[in-house]
Structures are given as C-alpha cells and as structure tokens.
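Each remark here refers to the structure printed beneath this line.
Here, each number is a calculation from the coordinates, and none is a lab measurement. Note that the coordinates shown come from a computational prediction; the quantities given were computed from them, not determined experimentally. Glycine gets a Cβ as well: all are built from the backbone with ideal geometry, and neighbour counts include every protein chain shown.
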Amino acid sequence: MTTNTKNLSYFEGKIVPAEEANISIQTHAFQYGTAVFGGIRGYYNESKQNLFMFRLEDHFQRLLNSAKIMQLQFDKTPRELVSITLDLLKQSNYKQNIYIRPIIYTSALQLSPRFHDVKTEIAIYILKLDDYLDTQNGLTTMVSTWQRFSDNQIPTLAKASGGYVNSALAKSEAVQNGLDEAIFLDSRGFVSEGSAENIFLVRNNEISTPSIVSSILEGITRKSILTIASDLGIKVTERDISRSELYIADEIFFSGTGVQVAWVKEVDRRKIAAGQIGSITKQLQTLFFQIVRGEKSEYMSWLTPVY
Ligand code: PMP
C-alpha cells in the first residue's frame, strides 16, 4: 500500500475505515451462512495509470441473481452497486492489482435459519491480490472424495456463503494430500468444477466444459473464456464430462476470478499430456491477461476504469 492508499470498506450504507467495518457475533449470516457474495478483480495498468475492474456490472448482476434465488431482500440495482464501488475505489486510491468482495448478508441479530423476513445489508471490502494460485507452473489436483452439492440441496447458481463449507472440505483434503486443488464430481458422478473455479479440458483441439446442470457456479471468467475461445475460432462445447476423460485430456485448465486462467499438470497422480502448458491454454491465458490489463481494444467494454 502506498502512503496515499486508504484501507476503506463499504459498511451499513457508508464508506468507513476498514477497521470500523465489523459485525456482531450474533449476526444471523455469521451463524447460518445466510449470505451471498461476489469476488471481482481490478488490474492496475502502469502505462495507462488506471485500475481496470473486470466485468463489474456482470458480477453485480450475478450477486443480485444470487440474492433473488435465496430470497434475500435487497433493493439496489447493479448500476447503483457499480457507482458505490467506484466511489469506494476512488477514495481508496489503489495503484496495484486488487480484489473486491461484496457480500449481501442477513444482518439481523437473530436466531432461526431462514431467508424470509430478515434484515440484510451489503458490505464491500478490498484486498491487494496478485496470483491466488500459480498460473505458470501447473497445478497438481485430485478428484475430491467430497461430492459437489446439487442444485436442490443448495442452489448452485447462487454464490452462497454456506455452500463454501463444501469447497473448504475439498480444498483442505487436496492441500493436506500435498496437492494444489480439488476437482469435484457432481451427484451423477460427472466432472463439476474446482473448489472455487470452473474447469475446462482440451481434446483434439476442441474445448469442453461442464454445463450448468453439473452443479457448477456459472463463472463470469468461464463465460469470458467461452467468448474468447469462439472469437479465436476454437470449438467449445458445454457438456457432461466423465472422470476418466480428465486423465486422457490433452490440456486441462481452471478459470475463475481468483485463479484467473491456470493450467493443470496432474490429476490423481496422472500427468496431463506432456506435463507442460498446452498450446490452447497458453493462447487463452495470454489473451486473457492482455484483456484484463486493458491491452486489447476489442474487449475494453468488459472493463470499468476507476480513474
Ligand atoms: N466456481 C466456484 C465454486 C467459485 O467460487 C468461483 C469463484 N467465484 C468460480 C466457480 C468462478 O467464478 P468467476 O469466474 O465468476 O469468479
């Protein structure tokens, strides 16, 4: 943080110093996970002296969809949330890569797990963030012994806080086994996603990724990769993927706000192809990093400049 950067948060309708944005231990969402959240990256472009927020309005639209699915009462529009965020970011004055976390949570100090008839608030905080997982050296993974929860258990298209217990179990299992990341199967036994990222595989120069019926979160980065790949003339199919197809894939990569675009070198001790980044993954990753940094004029509509 430079001396001109301020650590601020949006809390209870105001921009406040981050250390003042605290909730009570009696908060409903803290007890029951009754909250929905987002994660949005901002990339600082040194030569343009600007911070570019990636698909800000799309992220807020997904946040509001998550709230709607869960029946959380919330009345702000994506536009209003964009404007609050830009205000917060301008006052914070970051000149580096950041990550923001908006969360709509049940703020009442009450018992009884429910979504109806509970007061909500939105909070937004900012972190400095470069890579969350390594994007260059290849990730080691395992198919988790934990199954991805399905849509009729916890709605999978909502990014709901309580659902991350499932992610935490899978992530810990993978890391405690000396690996970087977990891959979930869905309730039918097909490939779903990583603990906090979507998954793609490449076979015979074509890309496949699980569809939304495989209990995935519909990632904004995933949607961007689908667009970029088809702009590059690469065939992409959303379909059911069998576990054993992972082992014989030519390339596998993850996409997500945190993970960005990161390649997988190993699944369940089986090396993927030559154990090096594949050419399609490399092409997509390179273009993705150019786009998010504001170096590709064709994709500038995905970025909101802060300054
Ligand atoms: N799946 C899960 C479970 C996630 O937590 C995330 C991260 N938000 C993703 C996929 C990727 O979504 P996005 O590209 O919108 O960040």
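Details
- Listed by chain and number, the lysines placed with their C-alpha closer than 16 angstrom to that of LYS14 are LYS6, LYS76, LYS90; residues fewer than eight positions away on the same chain are left out.
- Which listed pairs, of LYS68/LYS282; LYS68/LYS171; LYS68/LYS296, have C-alpha distances above 31 Å, in listed order: LYS68/LYS282; LYS68/LYS296
- Note on GLN276 and ILE23: their simple-model spin labels are 4.8 nm apart, each label 7 Å out from Cα toward Cβ.
- Only aspartates and glutamates eight or more places from LYS265 in sequence, or on another chain, were considered; those with a Cα closer than 20 Å are ASP131, ASP134, GLU173, ASP180, GLU181, GLU193, GLU197, GLU206, GLU245, ASP250, GLU251.
- Cα centroid of the range 219-272 to Cα centroid of the range 177-196, whole Å: 13 Å
- Binned Cα-Cα distances of the chain, short to long, each 20 Å bin given as a whole percent: 32, 58, 9
- Based on DSSP H segments of at least four residues, each scored -39500 (n - 2.57), the chain has a per-residue ellipticity at 222 nm of -8000 deg cm²/dmol.
- Measuring how big the range 139-292 is from its alpha-carbon positions, Rg and Dmax come out at 14.3, 40 Å.
- On the beta carbon distance between GLN290 and LYS68, with R0 = 35 Å, the FRET formula returns roughly 0.55.
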